[in-house]
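Worksheet for the structure shown next.
Please treat every number below as a calculation from the coordinates, not as lab data. Small disclaimer: the values here were computed from a predicted structure and weren't measured. Counting neighbours? That spans all protein chains shown, and the Cβs are built from the backbone with ideal geometry, glycine included.
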Ligand code: BV8
């Protein structure tokens, strides 16, 4: 990564009023949450079709819940890193700042981000398969696998968007609106292969925004981005904040 990229990115951010940020599993990697793809990714150990689809849950809800219970256990033991914390601080620094995340780990909220769009749901929420009611549940490990709805007795499922399922219409509309309206979009720690999330930076670019990518590795978005900063989010974002020097705004 060249310092020139960092200072060009800081120039773009400094002159912008409307910022959108899209994050993926990479931003939580330095907290100790496994990513999905890549050499140590979850999809190297497990098949998405067996665990993260409605068909998998219908076939074997216990297996799916055991996998989520294991992931909840990992996430329960970690804390937000400087990447999450920098984004939380930036929310108050820009007139409009939307943080869109594909992550279900809840670490952005834990870091203090408030204007947050959780596109794929949240691992600490459960949904009743009969009544569609959503409730918080922070037990780790879970008391009973699979869990059942205390009000109607039906099976509960993770409040997470699986492959082949539609995203919440309010969430995805808010995400596209923020992407269309922003002047700069930061795309951090995502392999940019899962849709519709991967279409958000394209929408932003088509609407005239500059795209800044932060990722140690190239992705399908890299050639489209105006600036690709090669590095880890927990290192790059605090350095970008230093370059921005909000004291003079
Ligand atoms: C849907 C469960 C309508 C959550 C997840 C073509 C066009 C449009 C759609 C499709 C299409 N082909 C197929 C589809 C459908 C599918 C899709 O996109 N498939 C892809 C794989 C081809 N999409 C859907 O099904 C979506 N729904 O489209 O509805 C519909 C309905 C039916 C049929 C068609 C359409 C629903 C998608 C929801 C997926 N849910 N998993 C869970 O249990 O957690 S996906 C999973 O991937 C996670 O949710 C995750 O958030 C998401 C994206 O992954 P990333 O976050 O990018 O993570 P990844 O590991 O891949 O990458 C990490 C990156 O970080 C790497 O680049 C790495 O280099 C970088 N990194 C590492 N360390 C660091 C770092 N970066 C910075 N700092 C570091 N330290």
Fill in the blank from the handout: Residue pairs within 9 Å by beta carbon, gap of at least six or interchain, first lying in segment 90-119 and on the phi > 0 side of the Ramachandran plot, second away from the ligand (no atom under 16 Å from the Cβ), listed first then second, are 112/88; 112/89; 112/91
Completion exercise
Of the candidates 167, 155, the one satisfying the condition of being away from the ligand (no atom under 16 Å from the Cβ), closer than 28 Å to residue 66 by Cα and in contact (Cβ under 8 Å) with a residue 24 or more places away in the chain is 155
Handout entry: Residue list for segment 225-249, filter: more than 20 Å from the chain's Cα centre (by Cα) and more than 14 Å from residue 6 (Cβ to Cβ)
Key = 246, 247, 248, 249
Practice task
Restrict the check to segment 189-206 and report whether at least one residue is on the phi > 0 side of the Ramachandran plot, buried (at least 18 other Cβ atoms within 10 Å of the Cβ), within 9 Å of the ligand (Cβ to nearest atom) and touching a residue at least 24 places away in the same chain (Cβ under 8 Å).
Solution key: yes
Problem - Qualifying residues in segment 104-120 (those that are in a loop (DSSP other than H, G, I, E, B) and more than 12 Å from the ligand (Cβ to nearest atom)) - the one surrounded by the most Cβ atoms within 10 Å (Cβ to Cβ) - result: 113
Handout entry: Filter pass, residue 25 being closer than 18 Å to residue 190 by Cβ, within 15 Å of the ligand (Cβ to nearest atom) and touching a residue at least 12 places away in the same chain (Cβ under 8 Å)
Key = yes
Exercise for the section: Select from segment 222-249 the residues that are touching a residue at least 24 places away in the same chain (Cβ under 8 Å) and either exposed (fewer than 15 other Cβ atoms within 10 Å of the Cβ) or in contact with a strand residue (DSSP E or B) (Cβ under 6 Å, 6 or more places away or on another chain) (or both) and list them in ascending order. Expected result: 225, 226, 227, 228, 229, 233, 236, 246, 249
Fill in the blank from the handout: Those residues of segment 33-66 which are more than 9 Å from the ligand (Cβ to nearest atom), in a loop (DSSP other than H, G, I, E, B) and without any contact (Cβ under 8 Å) to a residue 60 or more places away in the chain amount to 39, 40, 46, 47, 60
Completion exercise
Selection from segment 131-146 of residues touching a strand residue (DSSP E or B) at 6+ places or on another chain (Cβ under 8 Å) and either without any contact (Cβ under 8 Å) to a residue 40 or more places away in the chain or away from the ligand (no atom under 16 Å from the Cβ) (or both) yields 133, 134, 135, 136, 137, 138
Practice task
Could you grab me the full set of residues in segment 82-103 that are in contact with a strand residue (DSSP E or B) (Cβ under 9 Å, 6 or more places away or on another chain), assigned to a helix (DSSP H, G or I) and within 16 Å of the ligand (Cβ to nearest atom)?
Solution key: 83, 84, 87
